[in-house]
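After the structure tokens below, expect a handful of questions from me.
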There are 2 protein chains.
Amino acid sequence: MRKLEDLQELISEAVEKLTFPGYPAELYEPITYILSLGGKRMRPALLLMACDLFGGDVDAAVPPALAIEVFHNFTLMHDDIMDNAPLRRGRTTVHERWNQNVGILSGDVMLIEGYKLMMQVEEHLLRPIMNIFNSTAVSVCEGQQIDMEFEQRNDTGIDEYLEMIRLKTAVVLGSALKIGALIGGADQQDAELLSVFGEQLGIAFQLQDDILDVYGNPEKFGKQVGGDIISNKKTYLLIKALERANEKQRQELDDLIALKQFDSTGKVAAVTALYDALEVRQHAEHTMQGYAEKAFVALDAINLPEAQKQYLRDFADGLLVREN
Amino acid sequence: MRKLEDLQELISEAVEKLTFPGYPAELYEPITYILSLGGKRMRPALLLMACDLFGGDVDAAVPPALAIEVFHNFTLMHDDIMDNAPLRRGRTTVHERWNQNVGILSGDVMLIEGYKLMMQVEEHLLRPIMNIFNSTAVSVCEGQQIDMEFEQRNDTGIDEYLEMIRLKTAVVLGSALKIGALIGGADQQDAELLSVFGEQLGIAFQLQDDILDVYGNPEKFGKQVGGDIISNKKTYLLIKALERANEKQRQELDDLIALKQFDSTGKVAAVTALYDALEVRQHAEHTMQGYAEKAFVALDAINLPEAQKQYLRDFADGLLVREN
């Protein structure tokens, strides 16, 4: 088994070698630009890892892995427009650096380039893999739409939230693993089990992200503590807190959310105190654990040698390690 | 051979029957909305016509034909955002009726839905047809980008303009015919010849559109005479006029283009007088005729019975009839 870091490195190098036509420049330069902003290349690396797990030819899986990365960056380019985001990974977003129309149209052609890359698979896998890619792409769009609607609503339920993060972020992890498994020679059942593993682990990972935003060690986590609280982001913690709050607590939370001018540290401390009183962290961890367990149940059922399964368990443990 | 109008009708009915998920509503309702705005359904009808020409099963070609229509409407949805257009076929555009983010994301999912429909072909045609679809989609994006850049430039050449309309509008006509031909059982060479026929005819048709805007009979043409002149649209006529103008004429044209407040009739008359003096209509018609001839040369070389070829000739003659 190749190390995950080596696979991430392999993808990074392949991304650097990706070239697009020179004309029209404003259509293609933004693609090269956004791909150059880096990132952990986790999705394509997972695709290669799955291929490797089943003894497949990792090099043959590089184009579809790149497809997943190009697709992911297409969603970032369009999401940044929709979210009006000035920065992406500390650098100017495409619609800010060029303009909004460039962001829309470059994103469109990126999605098509993703399809072109994804088609570089063996004949017998073309239709099944394109079907997975289609339904994954639809799912990400649905998740983004639901996420945007949440920002306008105050009655989001936990189940809706969990379905949103599944659609927006977890499905693509499962699909990357499934596509890699199929290329690696896995049968339909094992590929599907690996997909479930990835999807459930993806939801757990997203919940951990919500928890770490409030309770993580900022030095290890690498983000400002309470960023989600400051921006009133609808996370598992906030939705759960609103659900569990009594009238007085609900009023307190509503008031904190409604603040136009505030001291960040004070707001974070006040919201965190409410979270503590309402024990939302425990609820979030319990739910997260539930998804992790479902992931491990799927993993156990995969028809792979024990060493390969252990590799996946170690990977999951590394992902869900609590760094607080 | 089925009549083209019957094939357009068949497509219109199939479009009406297309259904999308109910949730999230803001993602899918705009798709149904823009598809309901009508249009001649020419692109998908051409796909069916090509299938029919080669004796194929027209019903089997309906999903890929719908793919072409869904794809076309995806480009309209995004183009309307980029052009800041309030109306499409006399009705509110998607980004105006909902909002811009809805227009971006619904458009994205429409492109994916187009792929899903295009994949509904026989196994041996899947890869070749998806390759055509990919390169067509890229071409339309490139054409749109170049078109947007033209609006910012004053030095556009005729060759660039012709390449732009080829990429933006003609390629998809050729591809629709090619895909239909392949589904109908045509061999690679005949499908390619039919594609050339469609592409060259598409360029000729676009040039005719430029001419009719100025010289067409408004009652038959159904558009305001001089609409392109009023909006300073860079058409073949304007580019050619700028190219052929002497210093004085160039100054006159530049002044007319720069007018902020003007009487429409007066501006149209003044620009048309310059076009007449510079004989740009004759140049446009000559160029248009050249593309039409290339279309007919390709048509003649197709291995089809004379009756089928005559059908295509009649179709082309009907498209290029001068209604002025």
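Computed from the coordinates by the stated procedures, all read-outs in this text should not be read as laboratory data. These numbers were taken from a predicted model, which means no experiment stands behind them. Methodologically, a virtual Cβ is constructed for each residue, glycine included, from the backbone with ideal geometry; neighbour enumeration extends over all protein chains shown.
If one takes the longest principal axis of the Cα atoms in chain B, at what angle in degrees, from 0 to 90 and to the nearest 10, does the Cα axis of helix B:100-118 lie?
50 degrees
Still on this structure: Enter the mean projected area of the convex hull around the alpha-carbon atoms of chain B, in nm², rounded to one decimal. Don't skip to the answer; put the middle values down first.
Values: hull surface 66.4 nm².
That works out to 16.6 nm².
Let me confirm one metric for peptide A:23-30, namely the mean number of other chain beta-carbon atoms within 10 Å of its residues' beta-carbons.
That average works out to 4.
Give the nm distances, rounded to one decimal, from B:Asn99 to the matching residue in every other copy, measuring between label points 7 Å along Cα toward the beta carbon; shortest first.
Here the equivalent label points are 2.3 nm apart from this one.
Taking the Cα centre as origin and putting +1 on Lys and Arg beta-carbons and -1 on Asp and Glu beta-carbons, what dipole magnitude results for segment B:67-114, to the nearest 20 debye? List each step's numbers first, then the result.
Working: 4 positive and 7 negative charges, 43 e Å.
My answer is approximately 200 debye.
Distance between Cα centroids, segment A:292-324 to segment A:210-282: provide it in whole Å.
Centre-to-centre (Cα) distance: 31 Å.
By how many nm would the segment from A:Lys233 to A:Lys220 lengthen if fully extended, with 0.36 nm per residue of separation less the alpha-carbon distance?
Working: separation 13, 0.36 × 13 = 4.68 nm, distance 2.16 nm.
Extra length from A:Lys233 to A:Lys220 when fully extended: 2.5 nm.
Report the FRET efficiency, 1/(1 + (r/R0)^6), for B:Phe315 and A:Asp314, where r is their Cβ-Cβ distance and R0 is 41 Å, rounded to 0.05.
Numbers: r = 64 Å, r/R0 = 1.57.
After rounding, the FRET efficiency stands at 0.05.
Sticking with this structure for a sec: Once you have the alpha carbon radius of gyration of segment B:61-169, what is it after dividing by 2.2 N^0.38 Å, with N set to its residue count? If you can, show how the numbers build up before the last one.
Values: Rg = 15.6 Å, N = 109, 2.2 N^0.38 = 13.1 Å.
Computed over Cα atoms of segment B:61-169, the ratio equals 1.19.
Taking Cα atoms, how many degrees apart are the long axis of helix A:188-215 and the longest axis of chain A, rounded to 10 and kept between 0 and 90?
Result, in degrees: 30.
Please compute the alpha carbon radius of gyration of the protein assembly as shown, then divide it by the globular-protein estimate 2.2 N^0.38 Å. Two decimals is fine.
Working: Rg = 27.9 Å, N = 648, 2.2 N^0.38 = 25.8 Å.
Rg over 2.2 N^0.38 Å, computed on Cα atoms: 1.08.
Between segment B:52-88 and segment B:90-108, what is the C-alpha centre distance in whole Å?
17 Å
Return the average number of partner chain Cβ atoms within 10 angstrom of each residue Cβ along peptide B:97-106.
On the way: counts 0, 0, 2, 4, 9, 3, 1, 10, 10, 2.
For this peptide, the per-residue mean of nearby foreign Cβ atoms is 4.
Order A:73-81, B:278-286, A:238-246 from most to least packed using the mean count of other Cβ atoms within 10 Å.
Numbers: A:73-81: 22.8, B:278-286: 17.2, A:238-246: 18.8.
Packing proxy ranking, top to bottom: A:73-81, A:238-246, B:278-286.
Going by alpha carbons, how many degrees (0 to 90, nearest 10) lie between the helix axis of A:25-36 and the longest principal axis of chain A?
70 degrees
Continuing with the same structure: Can you find, among A:Val94, A:Val58, A:Leu125, the residue sitting farthest towards the positive end of the charge dipole of segment A:1-186, where Lys and Arg contribute +1 and Asp and Glu -1 at Cβ?
Going by the Cα projections, it comes out as A:Val58.
Hey, got the dipole for segment B:187-324? About the Cα centre, +1 on K and R Cβ, -1 on D and E Cβ, debye to the nearest 20?
Values: 15 positive and 24 negative charges, 101 e Å.
With Lys and Arg at +1 and Asp and Glu at -1, about 480 debye.
Same structure, new question: Given R₀ = 56 Å, FRET efficiency for A:Ala269-B:Phe262 by Cβ-Cβ distance, to 0.05? Intermediate values should be presented prior to the final figure.
Numbers: r = 63 Å, r/R0 = 1.12.
It comes out at approximately 0.35.
In addition: I need the calculated FRET efficiency for the pair B:Glu243 and A:Thr19, taking r as the beta carbon distance and R₀ as 51 Å, to the nearest 0.05. Please report the intermediate quantities before stating the final value.
Details: r = 34 Å, r/R0 = 0.67.
After rounding, the FRET efficiency stands at 0.90.
Do you know the relative contact order of segment A:29-100, to the nearest whole percent, from alpha carbon pairs under 8 angstrom that are 6+ apart?
Details: 49 pairs, mean separation 24.1, N = 72.
Here the relative contact order equals 34 percent.
Compute, for segment A:1-186, the length of the dipole vector about the Cα centre, with Cβ point charges of +1 (Lys, Arg) and -1 (Asp, Glu) only. Units Debye, rounded to 20. Display every interim value, and only then the final one.
Details: 16 positive and 27 negative charges, 63 e Å.
The calculated dipole for segment A:1-186 is roughly 300 debye.
Using the charge dipole of segment A:187-324 (Lys, Arg: +1 at Cβ; Asp, Glu: -1 at Cβ; taken about the Cα centre), state which of A:Ile211, A:Gln224, A:Leu256 has its Cα farthest towards the positive end.
A:Leu256
Determine ³J(HN,Hα), in whole Hz, for all residues of segment B:279-290 in sequence, where each value follows from phi through the Karplus function 6.51 cos²θ - 1.76 cosθ + 1.60 and θ = phi - 60°; x replaces Gly and Pro.
Residue by residue, segment B:279-290 yields 6, 6, 4, 4, 4, 5, 5, 5, 5, 4, 4, x Hz.
Treat each spin label as a single point 7 Å out from the Cα along the C-beta direction, and report the B:Ser12 to B:Asp57 distance in nm.
Each label point is offset 7 Å from its Cα along the Cβ direction, giving 2.7 nm.
When Lys and Arg each count +1 and Asp and Glu each count -1, what net charge do the other residues less than 12 Å away from A:Asp6, Cβ to Cβ, add up to? Numbers along the way, then the final one.
Numbers: positive: A:Arg2, A:Lys3, A:Arg41; negative: A:Glu5, A:Glu9, A:Glu13, A:Asp52.
Charge balance near A:Asp6 sits at -1.
Continuing with this model, one more query. Would you calculate a helix-derived [θ] at 222 nm for chain A, using -39,500 (n - 2.57) for each DSSP H run of n ≥ 4 and dividing by the full residue count, to the nearest 500?
Values: 17 runs with 242 residues, N = 324.
Roughly -24000 deg cm²/dmol at 222 nm, from the helical runs in chain A.
When only alpha-carbon atoms count, how far does segment A:1-186 stretch along each of its three principal axes, as whole angstroms with the largest first?
46, 45, 30
Follow-up question, since we're still on this one. Using the Cα atoms as the points, what is the convex hull volume per residue of segment A:125-272 in Å³?
On the way: hull volume 17.6 nm³, N = 148.
It is 119 Å³ per residue.
Determine the relative contact order of chain A: mean sequence separation of Cα pairs under 8 Å and six or more apart, normalised by residue count, in whole percent.
17 percent
Count, for each residue of B:138-146, the Cβ atoms from other chains sitting within 10 Å of its Cβ, then give me the mean as a whole number. The partial results should precede the final answer.
Values: counts 9, 1, 3, 12, 7, 1, 7, 12, 4.
Per-residue shielding by partner chains comes out at 6.
How far is A:Gly55 from the same spot in each other copy, in nm, shortest first, if each label point sits 7 Å from Cα toward Cβ?
Output for A:Gly55: 4.8 nm, nearest copy listed first.
For segment A:219-324, max minus min Cα coordinate along each principal axis, in Å, sorted largest first?
That gives 57, 30, 18 Å along the principal axes, largest extent first.
Any idea what the A:Pro128 label distances to the other copies are, label 7 Å down the Cα→Cβ vector, nm, shortest first?
For A:Pro128, the other copies' label points sit at 2.5 nm, shortest first.
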